[in-house]
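Heads up: the structure comes next, in structure tokens.
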Amino acid sequence: MLRGVNRQDIFEDAQDYNIFIRTMASVQNHLEEDLKTETVTCSIYAYCLMPNHIHLLICEKDWIVGSIVKAIASRYVLYFNRKYGRIGHLFQDRFKSEPCNDPGYFLTLFHYIHQNPVKAGLVKNVKEYEYSSWHNDYLMLSPLRICRVEPVVRRYGLTELASWVDMPLPKTVGCIDLDEREIIADETVRQLLLQKSGAKTIPEFLLYQKQRRKDIATEVMCELNVGPRQMVRVSGMTYAVIHKLWETL
């Protein structure tokens, strides 16, 4: 996720949105300096361009995520500053990112990214929003198609994806910029987890019976108001298990 500095708008008109989409396409399939060699830097599976922030669901290929985001942002900033006669930063210094290694969480992110405009009150349903991959790539309602839709549709099916994307976003969904809870240090969470379980290490904790692990993780999340991603990171338990527990809190 990229956000405008001081949460300012980063798109002023339709041209800005379209230039950003074209910029993503040019970075995804990067033409090297010899103008002959093409590098596939990443696979973009989903995106949504909001007035003051951007969501991307990507798979690294030849470049790491930091290089991909930097290339996209720097090219767009050059265009934006030139167009509007401004200088300086457009985006906050550091983008936010997190790994997605779980098919269930992939669908959660896919759902969340495309529901953003509905949640913000910009449109009434997902397909109406012109600056997202659902409108442009999956429904093909625009010639600006840049996403690798084939592997996603092949795995989940377009009908199933449509029914999933159209569902209202649950309040319990905990994606990057929704996690606004008080920051608790990982070490604090780890110590309480070990204290409650009686284990000396996290690997030892993971050897406990499944229900016991769930009960202890639930207690820790309640007591410290810990989000699901942090609990996954600290405990070593899967996102699917932790998120299901978190939804019941």
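The values are calculated or read from the model by the stated rules, or taken from the named source; none is laboratory data. This structure is a prediction, so every number in the text was calculated from the model and none was measured. Methodologically, a virtual Cβ is constructed for each residue, glycine included, from the backbone with ideal geometry; neighbour enumeration extends over all protein chains shown.
Odds and ends about this structure:
- Any hit, the stretch 169-181, residues being in contact with a helix residue (DSSP H, G or I) (Cβ under 6 Å, 6 or more places away or on another chain), at pLDDT 90 or above and not in a helix (DSSP H, G or I): no
- Criterion: touching a residue at least 60 places away in the same chain (Cβ under 8 Å) and farther than 23 Å from Val126 by Cβ - qualifying residue of Glu12, Glu60, Glu32, Glu38: Glu12
- Top-ranked residue in the stretch 40-93 [being assigned to a helix (DSSP H, G or I) and in contact with a helix residue (DSSP H, G or I) (Cβ under 6 Å, 6 or more places away or on another chain); ranked as farthest from Val152 (Cα to Cα)]: Tyr79
- Of Ile87, Ile64, all but one fail to be farther than 23 Å from His135 by Cβ, modelled with pLDDT under 90 and not small (Gly, Ala, Ser); the exception is Ile87.
- When restricted to residues that are touching a residue at least 12 places away in the same chain (Cβ under 8 Å) and in a loop (DSSP other than H, G, I, E, B), the stretch 182-213 contains 3.
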